Amino acid sequence: MSHIHRRQWMRSGLVALSQFLIGKPLDREAEAETRRGIFDAHLHIPSDNGENFQWHLVTRNMNEFVAYLDKCGVRRGVISSSWSNKAQTPEDYRQGNREVAKYVERYKGRFRGSCVITPFRIDEALREIEDCHRQFGFVWLGEFCNYMTNYRYDTAEWTEVMNLAARLNLVAQIHATAKEMQYLAETFPKTTIVFPHLGGSRDDIFARIDIVAKHKNAYIDLSGSGIERVGILEYAAREIGADRVLYGSDFTINEPSAVLARVQNAFLTTDDREKILFRNVERLLAQAGGRKT
């Protein structure tokens with residue numbers, strides 16, 4: 001880099017900083033620089049069996065799924081299968097998890113796989129978690145959505161799932177109400193838990209942020225409702241700490257760039273913005289998987 005180019009680069013950085021300090025959004029060059037590292041912690045792939053969470057299908061297969069992420073500037077992500085989320089039998093979630101493994105391999109370096117089970121036949125569910133970890137290198141579980149197949153988190157079976165996650169040092173991503181969040185975070189302090197969604201109402205949002213803030217094993221991802229409320233991201237970063245806030249979109253259900261725009265325009269330091277957009281999930285994935293003693 002020449003002296004003149006270096007000086008121009010430093011000047012543009014100072015301009016971007018000054019714009020941040022007086023409340024202006026980042027310019028396009030600064031946004032592009034940040035976008036290179038984006039890592040989405042919450043992606044549901046369209047399944048080979050036709051399962052897809054979209055109300056009106058626009059990304060019907062993996063080619064369209066990846067192309068849409070490209071349009072949004074999202075190059076990496078943790079993926080799970082909607083086939084597994086709606087599983088009625090162990091065979092269903094096994095098929096979905098192997099579908100995930102197939103696409104992790106096909107798009108090598110782009111996606112990390114997540115294992116999803118339902119706890120009804122608990123021995124088979126625990127075996128599937130072990131198999132996905134051992135065979136495919138999965139260190140992420142979920143997103144678990146108990147409302148989809150009608151199970152509860154306050155059961156002996158779910159306790160076995162959480163204890164196994166702790167022993168294998170896996171990350172468990174769990175869709176939960178505020179009451180369920182409180183129970184899970186308190187009952188399983190040795191399990192790393194990512195709770196999706198900031199919340200639907202004012203009271204819900206503040207309650208969920210407060211729960212995560214008080215439990216060091218808990219993280220929150222920004223997908224779904226709540227992120228559209230101006231000031232809430234800044235509040236979450238302050239109360240929880242930016243180290244435990246993750247960018248997640250819940251695509252194919254929700255739109256990745258909507259959450260992305262909120263993170264990019266938020267009143268955050270550059271360091272905190274990078275933590276949220278990619279560094280936190282990178283760290284979680286790097287630390288996960290080593291069996292705890």
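Criterion first (touching a Ser or Thr at 6+ places or on another chain (Cβ under 7 Å) and of a type in the set (D, E, K, R)) does residue 143 satisfy it?
On the way: touching a Ser or Thr at 6+ places or on another chain (Cβ under 7 Å): yes; of a type in the set (D, E, K, R): yes.
Criteria met by residue 143.
Any idea which of (1) touching a Lys or Arg at 6+ places or on another chain (Cβ under 6 Å); (2) within 30 Å of residue 47 (Cβ to Cβ); (3) among the small types (Gly, Ala, Ser) is the one residue 257 doesn't satisfy?
Exception for residue 257: condition (1).
Among the candidates 47, 82, 114, single out the residue that is of a type in the set (Ser, Thr, Tyr) and closer than 25 Å to residue 273 by Cα.
Unique residue meeting the criteria: 114.
May I ask you to say which residue of 162, 148 is under 25 Å from residue 220 (Cα atoms), surrounded by fewer than 18 Cβ atoms within 10 Å (Cβ to Cβ) and either among the hydrophobic types (A, V, I, L, M, F, W, C) or within 19 Å of the chain's Cα centre (by Cα) (or both)?
The conditions single out 148.
Which count do you get for residues in the stretch 51-70 that are touching a residue at least 40 places away in the same chain (Cβ under 8 Å) and assigned to a helix (DSSP H, G or I)?
5
Please enumerate the residues belonging to the stretch 210-236 that are under 16 Å from the mean Cα position of the chain (by Cα) and without any contact (Cβ under 8 Å) to a residue 60 or more places away in the chain.
212, 217, 218, 220, 222, 224, 225, 226, 227, 233, 236
Taking the criterion of being within 26 Å of residue 75 (Cβ to Cβ), at pLDDT 95 or above and in contact with a Lys or Arg (Cβ under 7 Å, 6 or more places away or on another chain), would at least one residue in the stretch 125-138 satisfy it?
Scanning the stretch 125-138 turns up no residue that is within 26 Å of residue 75 (Cβ to Cβ), at pLDDT 95 or above and in contact with a Lys or Arg (Cβ under 7 Å, 6 or more places away or on another chain).
May I ask you to list pairs of residues, at least six apart or on different chains, whose Cβ atoms are under 9 Å apart, with the first in the stretch 249-275 being in contact (Cβ under 8 Å) with a residue 40 or more places away in the chain and basic (Lys, Arg) and the second being crowded, with 16+ Cβ neighbours inside 10 Å and assigned to a loop (DSSP other than H, G, I, E, B)?
262/222; 262/227; 273/26; 273/266
Going by the conditions given, is residue 250 among the charged types (D, E, K, R), out of contact with any His (no Cβ under 8 Å at 6 or more places or on another chain) and either crowded, with 19+ Cβ neighbours inside 10 Å or closer than 14 Å to residue 192 by Cβ (or both)?
On the way: among the charged types (D, E, K, R): yes; out of contact with any His (no Cβ under 8 Å at 6 or more places or on another chain): no; either crowded, with 19+ Cβ neighbours inside 10 Å or closer than 14 Å to residue 192 by Cβ (or both): yes.
Spelling it out, it is not the case that residue 250 is among the charged types (D, E, K, R), out of contact with any His (no Cβ under 8 Å at 6 or more places or on another chain) and either crowded, with 19+ Cβ neighbours inside 10 Å or closer than 14 Å to residue 192 by Cβ (or both).
Do we find a residue being buried (at least 20 other Cβ atoms within 10 Å of the Cβ), modelled with pLDDT under 95 and under 26 Å from residue 71 (Cα atoms) anywhere in the stretch 204-222?
no
Residues that are within 24 Å of residue 84 (Cα to Cα), at least 2 per element: which helices (runs of 4 or more DSSP H) completely within the stretch 167-254 meet that?
Values: elements: 178-187, 202-214, 232-240.
Counting at least 2 such residues, we get 178-187.
When the stretch 110-123 is examined, which residues are found to be in contact (Cβ under 8 Å) with a residue 12 or more places away in the chain and either surrounded by fewer than 17 Cβ atoms within 10 Å (Cβ to Cβ) or aliphatic (A, V, I, L, M) (or both)?
110, 116, 117, 120, 121, 122
Select, from 97, 169, the only residue that is of a type outside the set (Asp, Glu), in contact with a Lys or Arg (Cβ under 6 Å, 6 or more places away or on another chain), surrounded by 17 or more Cβ atoms within 10 Å (Cβ to Cβ) and modelled with pLDDT of 95 or more.
On inspection, the qualifying residue turns out to be 169.
Anything in the stretch 121-180 that is in contact with a helix residue (DSSP H, G or I) (Cβ under 7 Å, 6 or more places away or on another chain) and among the basic types (Lys, Arg)? List them, or say none.
121, 152 - these are the residues of the stretch 121-180 that are in contact with a helix residue (DSSP H, G or I) (Cβ under 7 Å, 6 or more places away or on another chain) and among the basic types (Lys, Arg).
Suppose the filter is β-branched (Val, Ile, Thr), under 16 Å from residue 194 (Cβ atoms), out of contact with any His (no Cβ under 7 Å at 6 or more places or on another chain) and part of a helix (DSSP H, G or I); does residue 276 pass it?
So residue 276 passes the test.
The values are calculated or read from the model by the stated rules, or taken from the named source; none is laboratory data. All figures in this text were calculated on a predicted structure; none of them were measured in a lab. So basically every Cβ, Gly included, is an ideal-geometry build from the backbone, and we count neighbours across all protein chains shown.
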